[in-house]
Amino acid sequence: MLLSKQKKNQNAANCKRLLISINVMGSAGPIRFVVNEEELVAAVIDTALKSYAREGRLPVLGGDNSGFSLYCPNVGSDALSPWDTIGSHGARNFMLCKKPQSTNEAADDGSGTAPLSRRGSGSWKAWLNKSLNLKISSH
């Protein structure tokens, strides 16, 4: 029993811990928490969603981590693989985005009704450009 505790302590001492910051699209500020660098991206997404919900942030995201992707600005525009370790990219700042829902999934949600189109379904870049144009043209 004592030997297994010593091994656990040695493994914990060898594993680096990172303070990471995750920005959530549409939320006011980042979520920050400490993870082991060997933690899988999928587990980090799950922890981020739980922290987000626990803090009562808006918009409500839900708890299904398969519907989200984690991006690292230093790596490029592709989402991180859920099977990568969070420390393998050498970054501490990430962006959590909801995966786009395909039109087939949206149309076949089991309710038997067609989904309502939501107003402003464009990207955040389009919204920002529109907002800046309104401010500039009002002078």
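The values are calculated or read from the model by the stated rules, or taken from the named source; none is laboratory data. Keep in mind it's a predicted model, so treat the numbers as computed, not measured. FYI the Cβ positions are ideal-geometry reconstructions off the backbone, even for glycines, and counts take in every protein chain you see. These area figures cover heavy atoms from the full protein model, side chains too; ligands, DNA and RNA do not enter into them. Shrake-Rupley method; radii C 1.70, N 1.55, O 1.52, S 1.80 Å.
Summary of values
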| item | result |
| --- | --- |
| Segment residue 34-residue 97, length gained on full extension (0.36 nm per residue, minus Cα span) | 20.7 nm |
| Local electrostatic count, residue 75, Cβ distance below 15 Å [Lys/Arg +1, Asp/Glu -1] | -1 |
| Under 12 Å, Cβ to Cβ, from residue 39 - net charge with Lys/Arg +1 and Asp/Glu -1 | -2 |
| Estimated distance in nm for a label pair at residue 60 and residue 16, the labels positioned 7 Å out from Cα along Cα-to-Cβ | 4.0 nm |
| Residue 81 - accessible surface, heavy atoms, 1.4 Å probe, Å² rounded to 10 | 50 Å² |
